[in-house]
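What follows is a set of notes on a single structure, which appears directly below.
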Amino acid sequence: RSRRPVGPKLRSWYWQVVPNIQNTVWSAVQGQGDLISGAEAADGVRKNLVDLFPVKVSAKQLRTPAKSKSESIVKYIPIARANNISIMLTQFRGNHMELKETIMEGHNFSLEQLGVLLQLIPTDEELKIMSNLSEDPAKLSEPERFLAMLSGIPRLRSKVQAMIFIKQFDSWVQEFQEGVDAILRACEQVQISQEIQTLFGVSLQVGNILHMGTSRYGAKGIKLESMLKMRDLKVTKKAAGAGGGGGEQGQGGENFERIRHFLDYVVYLCWKEKGFDAQSLSKSLGKVVAKATGYKQSDLLHLMKNLNAGLSIVSKEIECKKSADECKWLEDFYARANVVKKETEKSADAALHAVSNMNTYLAQDKNADSDETFGLLWNLICCVESSWKHVSE
C-alpha cells in the first residue's frame, strides 16, 4: 500500500468514492495508466497544489501557542461530555472570558447559539467539581476551562432563558395578535352574515315540515352539529313503477334529478326561493372562518402563558442584580414588554368575550373553544358550497 505524501496540510476535496468502477468511465480511465507521468511531474503538481490550496491559518491560530500535553488531557469530566463541549464551542467566537462578558452584558446571540449555551450549562455535579478545584485553571483541558468559566456566572440558566425569551418575544406577540385578530374578525362576520341566517332559517323551516306529525316537529332551533347531518338523510330511491317518494319531478314541476340528500334540497330551495349563492358565502365568510380555524384557542392561551412565564424570569433576574448597570439590558426590555403584555391581555379578553357571544349566537356551549365552533362552521360551509355547485349545474 502506497504511503501518504508528507508535507503542508492542504484543503480537502470532499469527494464521494465509487466502490465498484467496473463498466464505468473510471475503469476506462484506469486503463489509460498514469496521465501525469514521472515522479518529477507529480512533484511539480504537488508544489502547485501547495501554492494554490493551503489550509488557511486564522490569526487566532497564529497567535495561540502550542498546548502542552498536560493541557489537552481531560481530567475531571467524561470524555464524551468534553468532546461535545469542544464541538459546541465552535458556535462562538472569542476566548472564554470574552464570551463570559458577552453573556453578562446580554449581547445579541442567535437562537441557535442560545440553545447551545443551554446545553453547555454545567450540571450540579460539574458545578461541585469546578468549585472544589485546587488546580490552576490554565492547566485544564479547554472543555474543563470553559466549564470553570461558566461556573463563575451567577444564575447562568436564568440569564440564558431570559435571552431566549427576549429573542422570541416579538414573534410570539405577533403570532398571538394575528390569531386574536382572525378570531375577532370571524366572530363579527358570523353574526352579521345574511347567508347564514338564510341557510339556517330555511333548514329549520323545511325540517319542521319534514317532521310534521312526529315528536321532532316544532323545533325552534338546531345544533350546529345537526346541520352537518343533513347530508346523512339520503333521497329515497323509487321502486320500479312506483310513484312519489324521491321522484325526479317535484310537485311544482321542478326537476329534482340532482338532489342526492336533504342538504341538497335545502340548498336548492335557498337558491331558488332566496337567490342564495353559496360561492358568495364561501368568499365572504368562508375565508375568515377558515383563517380563524387555523388558530387553536388553546395554543393562543399557551402563548399568553409563555409570555407571562418569560416576563417572570426577566423580573426575577432584575431583582437579583448586584449593581445598577448589571441588568440594564433586561430593564429596558422589561419596561417595553410590560406595556405590550397589557395590550395582549386586553386583546385576549376581547377575543374570549367575542367567542362566547358567537357560541351563544350559534346555540353552542358558550365556553366552547373558538377553533371547535369554527371547525364545524367551516365544514358546513364547504358542504353547502358543494351542494350548491351540484344542484345549480
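Just for helices (runs of 4 or more DSSP H) wholly inside the range 65-155: which have at least 1 residues that are aliphatic (A, V, I, L, M) and surrounded by fewer than 17 Cβ atoms within 10 Å (Cβ to Cβ)?
Values: elements: 79-88, 96-104, 111-120, 124-131, 142-151.
In the range 65-155, the matching helices (runs of 4 or more DSSP H) lie at 79-88, 96-104, 111-120, 124-131.
Return yes or no: is Phe176 part of a helix (DSSP H, G or I), surrounded by 12 or more Cβ atoms within 10 Å (Cβ to Cβ) and at pLDDT 90 or above?
Criteria met by Phe176.
Residues are listed down the side, and each one gets a yes or a no for (1) part of a helix (DSSP H, G or I); (2) touching a Gly at 6+ places or on another chain (Cβ under 7 Å); (3) hydrophobic (A, V, I, L, M, F, W, C):
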{"site": "Leu311", "(1), (2), (3)": "yes, no, yes"}
{"site": "Glu317", "(1), (2), (3)": "yes, no, no"}
{"site": "Trp329", "(1), (2), (3)": "yes, yes, yes"}
{"site": "Phe333", "(1), (2), (3)": "yes, no, yes"}
{"site": "Val339", "(1), (2), (3)": "yes, no, yes"}
{"site": "Thr344", "(1), (2), (3)": "yes, no, no"}
{"site": "Ala351", "(1), (2), (3)": "yes, no, yes"}
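Checking the structure you have, find out if any residue of the range 77-96 is in contact with a Gly (Cβ under 8 Å, 6 or more places away or on another chain) and free of Cβ contacts under 8 Å to residues at least 12 places away in the same chain.
Residues of the range 77-96 that are in contact with a Gly (Cβ under 8 Å, 6 or more places away or on another chain), as a first pass: none.
Within the range 77-96, not a single residue is in contact with a Gly (Cβ under 8 Å, 6 or more places away or on another chain) and free of Cβ contacts under 8 Å to residues at least 12 places away in the same chain.
Ser298: over 26 Å from the mean Cα position of the chain (by Cα), of a type in the set (S, T, N, Q) and in the same structural domain as His390 (by TED's automatic domain parsing), yes or no? Spell out how you get there, then give the answer.
Details: over 26 Å from the mean Cα position of the chain (by Cα): no; of a type in the set (S, T, N, Q): yes; in the same structural domain as His390 (by TED's automatic domain parsing): yes.
Here the answer is no, as Ser298 does not meet what is asked.
List pairs: first residue in the range 208-221 and in a loop (DSSP other than H, G, I, E, B), second residue of a type in the set (Gly, Ala, Ser) and modelled with pLDDT of 90 or more anywhere in the structure, Cβ distance under 7 angstrom, at least six positions apart or on different chains.
Listed by first residue and then by second, the contacts come to Ala219/Gly207; Gly221/Ala363.
In the range 163-210, how many residues are closer than 30 Å to Leu127 by Cα and out of contact with any Leu (no Cβ under 6 Å at 6 or more places or on another chain)?
Of all residues in the range 163-210, those closer than 30 Å to Leu127 by Cα come to 163-168.
Pick out the ones that are also out of contact with any Leu (no Cβ under 6 Å at 6 or more places or on another chain) and you get 165-166, 168.
The total comes to 3.
Sort out which residues of the range 259-279 are more than 13 Å from Lys389 (Cβ to Cβ) and either assigned to a helix (DSSP H, G or I) or at pLDDT 85 or above (or both), and write them in order of number.
Of all residues in the range 259-279, those more than 13 Å from Lys389 (Cβ to Cβ) come to 259, 261-262, 265-266, 269-270, 272-275.
Correct list: Ile259, His261, Phe262, Tyr265, Val266, Leu269, Cys270, Lys272, Glu273, Lys274.
Report whether or not Thr344 is closer than 29 Å to Gly106 by Cβ, buried (at least 17 other Cβ atoms within 10 Å of the Cβ) and β-branched (Val, Ile, Thr).
Working: closer than 29 Å to Gly106 by Cβ: yes; buried (at least 17 other Cβ atoms within 10 Å of the Cβ): yes; β-branched (Val, Ile, Thr): yes.
The answer is yes for Thr344.
For (1) more than 19 Å from Gln168 (Cα to Cα); (2) in contact (Cβ under 8 Å) with a residue 60 or more places away in the chain, each residue gets a yes or a no:
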residue	(1), (2)
Glu317	no, yes
Ala335	no, no
Glu345	no, no
Ser356	yes, no
Lys366	yes, no
Leu376	yes, yes
Cys382	yes, yes
Trp388	yes, yes
Glu393	yes, yes
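Looking at the structure I just gave you, is Ile209 assigned by TED's automatic domain parsing to the domain that holds Leu330 and either modelled with pLDDT under 90 or among the β-branched types (Val, Ile, Thr) (or both)?
Details: assigned by TED's automatic domain parsing to the domain that holds Leu330: yes; either modelled with pLDDT under 90 or among the β-branched types (Val, Ile, Thr) (or both): yes.
Considered against the rule, which asks whether it is assigned by TED's automatic domain parsing to the domain that holds Leu330 and either modelled with pLDDT under 90 or among the β-branched types (Val, Ile, Thr) (or both), Ile209 comes out as yes.
Filter the range 308-328 down to the residues that are farther than 18 Å from Val160 by Cβ and either outside the structural domain of Val355 (by TED's automatic domain parsing) or modelled with pLDDT of 90 or more (or both) and list them by number.
Within the range 308-328, just Asn308 meets the criteria.
The values are calculated or read from the model by the stated rules, or taken from the named source; none is laboratory data. Keep in mind the model is a prediction, meaning the values are calculated, not measured. Because the Cβ atoms are built from the backbone with ideal geometry, glycine has one as well, and the counts that use them run over all protein chains shown.
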